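Accompanying notes for the structure given below.
The values are calculated or read from the model by the stated rules, or taken from the named source; none is laboratory data. Quantities reported herein were computed from a predicted structural model and do not represent experimental measurements. When we count neighbours, we look across all protein chains shown, and the Cβ atoms used for this are built from the backbone with ideal geometry, even at glycine. Calculation scope for accessible area: heavy atoms of the full protein, side chains included, ligands and nucleic acids excluded. Shrake-Rupley method; radii C 1.70, N 1.55, O 1.52, S 1.80 Å.
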Amino acid sequence: MKILAVCGVGMGSSLILRMNIEAVLRESGVEATVEHSDVTGAKGADADYIATSKDLADTFPAGDERIIVINNFIDKNEIKEVLVQAGIIK
């Protein structure tokens, strides 16, 4: 499974989100590849899931089932809840 953490520029906040997703997955015993990117690069990326903010999620085509919205990139509890809802972790 590949998860792409996405922010506007692909540098700071997407890196933070990537590291926190990796931590939550590790704590849950789930193996996945997690990378980070800017929104433009993410649109053509081969990923099972794209984790991003609500604002950036709206820039992807409507109905793109890969999109998971995370409001607070540093809140591991929220990240875990979103990953559970997406069926990535139990």
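Out of the total accessible area of the chain (probe 1.4 Å, heavy atoms of protein only), what percent is carbon and sulfur?
Details: 2440 of 5050 Å².
The nonpolar share, carbon plus sulfur, comes to 48 percent.
Cys7 sits among other residues whose Cβ lies under 11 Å from its own Cβ, and their net charge, with Lys and Arg +1 and Asp and Glu -1, is -1.
For the chain, relative contact order (Cα pairs under 8 Å, six or more residues apart, normalised by length) works out to 33 percent. Compactness of the chain is given as radius of gyration and Dmax, 11.6, 32 Å, from Cα positions. With the helix formula -39500 (n - 2.57) applied to DSSP H stretches of n ≥ 4, the chain reaches a computed 222 nm mean residue ellipticity of -11500 deg cm²/dmol.
Solvent-accessible area per residue for the chain at a 1.4 Å probe radius, Å²? Mind showing how you got there, number by number?
Values: 5050 Å² over 90 residues.
Ligands and nucleic acids excluded, the result is 56 Å² per residue.
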